[in-house]
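Below: the structure, in structure tokens.
The values are calculated or read from the model by the stated rules, or taken from the named source; none is laboratory data. Everything numeric in this text was worked out from a predicted model, so none of it was measured. Note that we place each Cβ from the backbone using ideal geometry, even for glycine, and neighbour counts take in every protein chain shown. These accessible areas exclude ligands, DNA and RNA; they are computed on the full protein's heavy atoms, side chains included. Shrake-Rupley method; radii C 1.70, N 1.55, O 1.52, S 1.80 Å.
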Amino acid sequence: MADTNSFQEQLFSALDAKTEWFDEQELPKTLDNYRLLHSCVKNLYEVLIKKSKIVPDPYKHDNKISDIVVPDNAPFSENERAMIIGTRFSNYETMLDFICTYFKFSVAHINIDRIRNLVALNASFLWHDFSPNSSQSNTRGLAELLFAARQESDALSASTINDSISKCARSVSIINTTLKDLTDFQKEIYKGALRKDIFEHPGFDKAKAALSAQEEMQQIRKLYPAVMGKAPFYAALVEELVDEDHAADREKKQQALLAKLKVAEHHTVKKVEKTDTKEMLLDAVRSLSAVAPQLGQIISKIQENHDIIENQHNTFWDKFIKIIRKSFNIAEPSVSYQVYISDPVTQTERSEKINYTTFIDDIYRRIRFYSSLAVRTGLGYKKIESSRQEAIIDFLNKQISECQELYTRLVALDDFFKKTQEEENSQHIKGMKMELTSIKNTIVKANQRRAEYISYIEEEAQMKKLGIKDEE
């Protein structure tokens, strides 16, 4: 019995250590992977909405979610595809949002039933086998819609769709591996709970249980309802527990279990590597390429809003004037918008005129330019790559400054559109808040990488000045 007590002490200690490892290391990584999955799914959902490939779920924001509900996967007819996939993919995205926002990632919370629900949700769309020929209804329908959207997209947007699908597959694969490991661990948690709650119960006869496997099983079954309540009785796991105490090779089984529960210690060997400062700069330059697709979405909204405002002035007199201009080959007057730009530093506001045609042409030029930064083999990027670091930092400073100025004008233009439209057209004006937030985040990201480069260079210069060198 002393051997049993010693084994149980080691077992409880191992279970506690493994629980802490899951809670502090593995499950936070799982949450990160769910966040990446949610981000990619949300991007794909927005692409399908923008390309009018699915019908948006009108009840998307009305659903009250308290637990994981797996989207339906029943077959549907082809003429229902846009509506059915629109609803199911929307529900899938909502579930991922719920998981990332409200779901608690801990061993105590993610029991075996919740693991089953998570695995079922992860299988709602088979990202690892994403094909229009898939036997699964949801995967087949979504693949057909996304492939059609990809055919209608430019090279950069098509690449973004492919990248999102690839990241979804990778994230789900990593998540499922962790959930499988957690399932195995939850089985050991269950057995450990039996040892703690039933074996230590006053009604448990340890002397009888020590006599044979049958006696121990009988003692467990007798106390189980009173001690464990409505918790399911997993006969196979209880038999494993009894074998660990009574099998002929019980010591081997016990040692195998403790080895299985042992948390591997990772010893990090510190290695000083030479930092490639030029690559730091080029990484910041490449990050600016994300502005291109964001501007692509914005420019279509600006053009739609411009057309709405212009149509407000499409009176009989306006039409007559247009006919006269056309008859005498007189060019249409340029359209300018008077916007107000706020300066957060001085807390002041200044007015500025934005010429519509010039502004649109400038945005198109920037889209082409920033798209070229994403192509490492392109002439534009190669030219920057071959430049000296001083020239690259100057280029980066200029681009970040220009992006910031463009962002400020776009914010002012967004406010202008929202304030100047007539009431009957207000519902048709397209807001740009989401795209503006993405552009701002891209600028912040590029600026952070530039700051990291400058900080590193300054630190390196200071160390050289003090005569300190890195050990190789």
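Some notes on this structure:
- Here region 359-425 and region 14-35 have alpha carbon centers that stand 41 Å from each other.
- Of the accessible area of region 23-127, computed with a 1.4 Å probe over protein heavy atoms only, carbon and sulfur atoms account for 51 percent.
- Across the chain, the relative contact order, built from alpha-carbon pairs under 8 Å that are at least six residues apart, equals 15 percent.
- Whole-Å semi-axes of the ellipsoid equivalent to region 54-131 (Cα gyration tensor, √5λ, descending): 25, 16, 9
- Over 20 Å (Cα to Cα) - which of K104/K191; K29/K104; K18/K208; K398/K440; K191/K260; K29/K191 fall in this group: K104/K191; K18/K208; K29/K191
- The residues of the chain present an accessible area of 59 Å² per residue when probed at 1.4 Å with all protein chains retained.
- Taking Cβ atoms as reference points and 12 Å as the exclusive limit, the residues near T442 contribute a net charge of +3, counting Lys and Arg as +1 and Asp and Glu as -1.
- Surface accessible to a 1.4 Å probe, H109 within the full protein complex, Å²: 50
- Positive-end residue, the chain charge dipole about Cα centroid, Cβ charges, pick of A213, I363, Q297: I363
- Between 0 and 90 degrees, the angle of helix 112-122 with respect to the longest Cα principal axis of the chain falls at about 30 degrees.
- Charged-residue dipole, Cβ positions (Lys, Arg, Asp, Glu), the chain about Cα centre, Debye nearest 20: 1100
- Cβ-defined net charge surrounding K42, 9 Å radius [Lys, Arg +1; Asp, Glu -1]: -3
- Degrees separating the helix 356-372 axis from the principal Cα axis of the chain, which is the longest one: 40
- Accessible area ranking (1.4 Å probe, heavy atoms, ligands and nucleic acids excluded), largest first, for V375, V41: V375, V41.
- The residues T94, T275, T177, sorted by heavy-atom accessible surface at 1.4 Å with ligands and nucleic acids left out, run T177, T275, T94 from largest to smallest.
- Along each principal axis, taking the top coordinate minus the bottom one, the Cα set of region 83-185 gives 47, 27, 26 Å in descending order.
- Axis of helix 155-197 versus longest Cα principal axis of the chain: the two differ by about 20°, to the nearest ten degrees.
- At the listed q of 0.06, 0.13 Å⁻¹, the Debye profile of the chain, built from one uniform point per Cα, gives log10 I(q)/I(0) equal to -0.47, -1.28.
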